[in-house]
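Worksheet: one structure, shown below.
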Amino acid sequence: MEKKNTTKYTQAGYQALLDELAYLEGEKTEEVKRNLAFARSLGDLTENSEYDAAKDEQAQVEARKTELKELIKNAEIIDESEIDEDVVNLGSTIVLLDCEYNEEVEYSIVSTNEAD
């Protein structure tokens, strides 16, 4: 039996994946179609840099959609209500004191796919 390659996400991180996919499948796909139609209207496609750019953009959007679908399919959402507040783990929020500036800094512990 093949082991499933899952990635853990917070609910917010998982929702961000769904939102990005919806945007790419809707608004962005329509924009790419318009760009391709415009580029085709300019004539000869063999020396049409606008057409080449539109095709490149279409390929990038399709690749990202495929990637997002795979991430969503293999996502495991962390149940944040079950997080032990005494242990730092995925889904935890911690507050540290920055001694140099004497201010508190808050960090959320997330998976590598959610990190910025």
Item to check | Any hit, segment 92-102, residues being at pLDDT 95 or above and among the aromatic types (F, W, Y) | outcome: no
Item to check | Selection within segment 12-48 - open to solvent by less than 90 Å² (accessible area, probe 1.4 Å) and closer than 30 Å to I83 by Cβ | outcome: A12, G13, Y14, Q15, A16, L17, L18, D19, E20, L21, A22
Checklist outcome for this item: If we keep only residues of segment 64-82 that are open to solvent by less than 60 Å² (accessible area, probe 1.4 Å) and hydrophobic (A, V, I, L, M, F, W, C), then the residue farthest from V32 (Cα to Cα) is I78
Checklist outcome for this item: Of (1) open to solvent by 90 Å² or more (accessible area, probe 1.4 Å); (2) under 30 Å from E27 (Cα atoms); (3) of a type in the set (V, I, T), V88 satisfies every one except (2)
Next on the checklist: For the structure I just gave you, tell me whether I72 is touching a Lys or Arg at 6+ places or on another chain (Cβ under 8 Å), under 18 Å from K8 (Cα atoms) and touching a residue at least 24 places away in the same chain (Cβ under 8 Å).
Outcome noted: no
Checklist outcome for this item: Restricting segment 49-62 to residues that are at pLDDT below 95 and of a type in the set (A, V, I, L, M), the one least open to solvent (accessible area, probe 1.4 Å) turns out to be A54
Item to check | Matching residues, segment 10-29, being modelled with pLDDT under 95 and either in contact with a Leu (Cβ under 7 Å, 6 or more places away or on another chain) or outside any helix (DSSP H, G or I) (or both) | outcome: T10
Item to check | Members of segment 91-116 that are open to solvent by 100 Å² or more (accessible area, probe 1.4 Å) and within 30 Å of L68 (Cβ to Cβ) | outcome: E106, Y107, T112, D116
Checklist entry - Across segment 75-102, which residue is nearest to Y14 (Cα to Cα) among those that are of a type in the set (S, T, Y) and free of Cβ contacts under 8 Å to residues at least 12 places away in the same chain? => result S81
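Let's see how each residue does on (1) of a type in the set (D, E, K, R); (2) in contact with a strand residue (DSSP E or B) (Cβ under 8 Å, 6 or more places away or on another chain); (3) part of a helix (DSSP H, G or I):
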residue: E31; (1), (2), (3): yes, no, yes
residue: R34; (1), (2), (3): yes, no, yes
residue: A39; (1), (2), (3): no, no, yes
residue: E50; (1), (2), (3): yes, no, yes
residue: E62; (1), (2), (3): yes, no, yes
residue: L68; (1), (2), (3): no, no, yes
residue: L71; (1), (2), (3): no, yes, yes
residue: S81; (1), (2), (3): no, no, yes
residue: E85; (1), (2), (3): yes, no, no
Item to check | Selected residue (only one of A63, A59, A37 is under 19 Å from T7 (Cβ atoms) and out of contact with any helix residue (DSSP H, G or I) (no Cβ under 7 Å at 6 or more places or on another chain)) | outcome: A63
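The values are calculated or read from the model by the stated rules, or taken from the named source; none is laboratory data. Keep in mind it's a predicted model, so treat the numbers as computed, not measured. So basically every Cβ, Gly included, is an ideal-geometry build from the backbone, and we count neighbours across all protein chains shown. To get the accessible areas, we keep the full protein, side chains included, count just its heavy atoms, and leave off ligands, DNA and RNA. Shrake-Rupley method; radii C 1.70, N 1.55, O 1.52, S 1.80 Å.
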